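S.K.: Sending over a structure as structure tokens; questions will come in a sec.
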Amino acid sequence: MKNSFFSSIRSKFIAIFVILGVIPLIIVGYFAYKSASNALLLQTREQLGNLADKTAQQIDTFFEVIEKDINLLSNFPFIQLSFLQFEFCQKLDTAKRLVEEYEKTNQYYKRIHLINLQGRSILTIPQNNKERDSNKNPELFNTHDWFNAIS
């Protein structure tokens with residue numbers, strides 16, 4: 001009889017321990033997991049949004065700088081003079097030297113072309129080997145869609 005009483009109390013104690021200890025622990029653990037998961041998701045979204053904003057600002061700044069440079073180069077007197085020199089079959093040494101200096105000090109440009117209204121390249125900095133060999137046949141840009149769209 002003592003044995004059955006003890007086992008009954010023991011079973012009740014284990015049941016109470018499970019009900020008052022383990023089940024609340026599981027419930028609190030579940031809600032803590034959900035809360036941490038949501039917080040991490042919100043933080044990740046915020047960081048990705050900030051990254052996208054900063055990238056967009058950098059791209060905008062890049063294109064603003066490029067646009068200013070293009071306007072600056074197109075309005076330089078030596079550039080305008082080079083088109084006259086080209087029309088009168090004169091050498092473009094001064095314009096070439098100045099554009100080379102500009103290209104070396106500017107990180108954004110791989111190559112600078114001076115193109116007349118007919119789409120003919122009159123000066124390219126830096127020239128590749130193919131262009132050096134064929135100066136008599138300069139590259140024509142009037143076959144490109146972007147040139148036709150702006151001309």
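S.K.: So if I place +1 on the C-beta of Lys and Arg and -1 on the C-beta of Asp and Glu, and nothing else carries charge, what would the dipole magnitude of the stretch 8-83 be about its Cα centre? I want it in debye, nearest 20.
M.R.: My answer is approximately 960 debye.
S.K.: Shifting gears a bit: Heavy atoms of the protein only, probe of 1.4 Å, neighbouring chains included. What is the accessible area of residue 121 in Å², nearest 10?
M.R.: Approximately 10 Å² of residue 121 is accessible to the 1.4 Å probe.
S.K.: Once you place label points 7 Å from the Cα toward the Cβ at residue 10 and residue 42, how far apart are they in nm?
M.R.: Result: 4.9 nm between the two label points.
S.K.: Provide the solvent-accessible area of residue 13, counting protein heavy atoms only and rolling a 1.4 Å probe, rounded to the nearest 10 Å².
M.R.: Here the accessible area works out near 140 Å².
S.K.: To continue, here is another question. Would you mind pulling out the separation of the Cα centroids of the stretch 105-122 and the stretch 5-43, in Å?
M.R.: The two parts, judged by their Cα centres, are 72 Å apart.
The values are calculated or read from the model by the stated rules, or taken from the named source; none is laboratory data. Remember, it's a predicted structure, so these values are computed and weren't measured experimentally. Cβ: placed from backbone, ideal geometry, glycine included. Neighbour counts: every protein chain shown. Remember, those area values only see protein heavy atoms, side chains included, never the ligands or the DNA or RNA. Shrake-Rupley method; radii C 1.70, N 1.55, O 1.52, S 1.80 Å.
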